[in-house]
């Protein structure tokens, strides 16, 4: 029997979020909450034309406030008084100096703070970026190769993995806790905490002695010949992830190799021989030819697609993984739910575009909104 669908408004429908405009992981966290149906209102510094490429603003509304004015701070306080969650990504102390710190708001508010270094510690006031936090936590050293320094993994690991995802996890955990206690709390989401928290498997590998301290000599860092990328005959690449014995056997079958003629899979001394043999075979066909060879197998071999190619990949297209509202390609909301339906992505609104609607909901009338604009409170 087909399940009845109830939650057409998204699983976070009814949750109110105030996001202070910024860069990096905080806007993505707000976008993810908005995708799930939360009413996310961004407090911007100034009105501006809509930027169709600012995907992290999708699903959000915006009010542009002059927070240097007393009335602007009053409006911000009124917005927070009706909110469930606050998101801010300033250096420690900025919100307190505005008079909008945790001590200045309701104790039922979930106060989400997103920084690289955290709210205290010797580096709390120091600037940094994704690469900085990866370096300081020791994680970047694991991305090196024997003959080259580490390569930046875009800004996916610290900014978004250790930052946005832990901020979202934190504020939603606090929201659940508030349902039991009636109290909000401060969520101190620091990238230097989030990144090591994702390292559980590798911490175990290191403690057991399975992982060596030599970069590029291990299972998941490109050292293992069965877990790395190979260049094909057309100068394009395939990704090989045949870790388990049965998957490794399927890899050898696809490559036309006999295990009896090769070093054992987990004989590290034999890995250079294996890697050279695999490289020699892979260069004999094009990327797409190898994709056909391994299609339908469990060898865990995949073509390394460009982002443009991935949009039309049959599997991703079937799932609708990529969408293009306003002809700007981006990811569809994730994850998916059996009952609830996340918000359909639309082009982002302009900063400040929703001031009147938001303030009318707060109880201001149209004449007062117009006066606030004339006074420069609404920028």
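No value in this document is a laboratory result; all are computed from the given coordinates. Just so it is clear, the model here is predicted, and its values are computed rather than measured. Ideal geometry is used to build each Cβ from the backbone, glycine not excepted, and the neighbour counts take in all protein chains shown.
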Handout entry: Full-stretch length increase - residue 124, residue 307 - with 0.36 nm per residue and alpha-carbon distance subtracted
Key = 62.3 nm
Exercise for the section: Looking at the chain, send over the antiparallel percent of its DSSP beta bridges, to the nearest 5. Expected result: 35
Problem - For the stretch 147-213, Kirkwood radius (reciprocal of mean inverse C-alpha pair distance, Å) - result: 14.1
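FRET efficiency for residue 147 and residue 262, Cβ-Cβ distance as r, R0 = 22 Å, nearest 0.05?
Step by step, r from the Cβ atoms, then E = 0.35.
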Practice task
Would you please calculate the Kirkwood hydrodynamic radius of the stretch 106-234 over all C-alpha pairs and express it in Å, rounded to one decimal?
Solution key: 16.7
Fill in the blank from the handout: Computed on Cα atoms, the radius of gyration and Dmax of the chain in angstrom are 25.1, 84
Fill in the blank from the handout: Sorted largest first, the C-alpha extents of the stretch 216-317 along its principal axes in whole angstrom are 41, 26, 24
Fill in the blank from the handout: the chain: relative contact order from alpha carbon pairs under 8 Å, six or more residues apart, as a whole percent, is 23
Handout entry: residue 362/residue 319 FRET efficiency (R0 30 Å; Cβ-Cβ; nearest 0.05)
Key = 0.15
Practice task
Between residue 249 and residue 181, with labels modelled 7 Å along Cα→Cβ, what's the label distance in nm to one decimal, could you check?
Solution key: 5.3
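Using Stokes-Einstein with the Kirkwood hydrodynamic radius over Cα pairs, what translational diffusion coefficient do you get for the stretch 197-271 at 20 °C and a viscosity of 1.002 mPa s, in µm²/s rounded to a whole number? All intermediate terms of the calculation are to be shown ahead of the outcome.
Numbers: Rh = 13.8 Å.
For the chosen part, D equals 155 µm²/s.
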Exercise for the section: Please report, in cubic angstrom per residue, the volume enclosed by the convex hull of the alpha-carbon atoms of the stretch 73-168. Expected result: 107
Practice task
Assuming R0 = 41 Å, can you tell me the calculated FRET efficiency for the pair residue 214 and residue 297, based on Cβ-Cβ distance, to the nearest 0.05?
Solution key: 0.80
Practice task
Report relative contact order for the stretch 1-109 in percent, whole number only (criteria: Cα-Cα under 8 Å, sequence separation at least 6).
Solution key: 28
Completion exercise
Inverse of <1/r> over all distinct C-alpha pairs of the stretch 264-379, i.e. the Kirkwood Rh in Å, gives 20.2
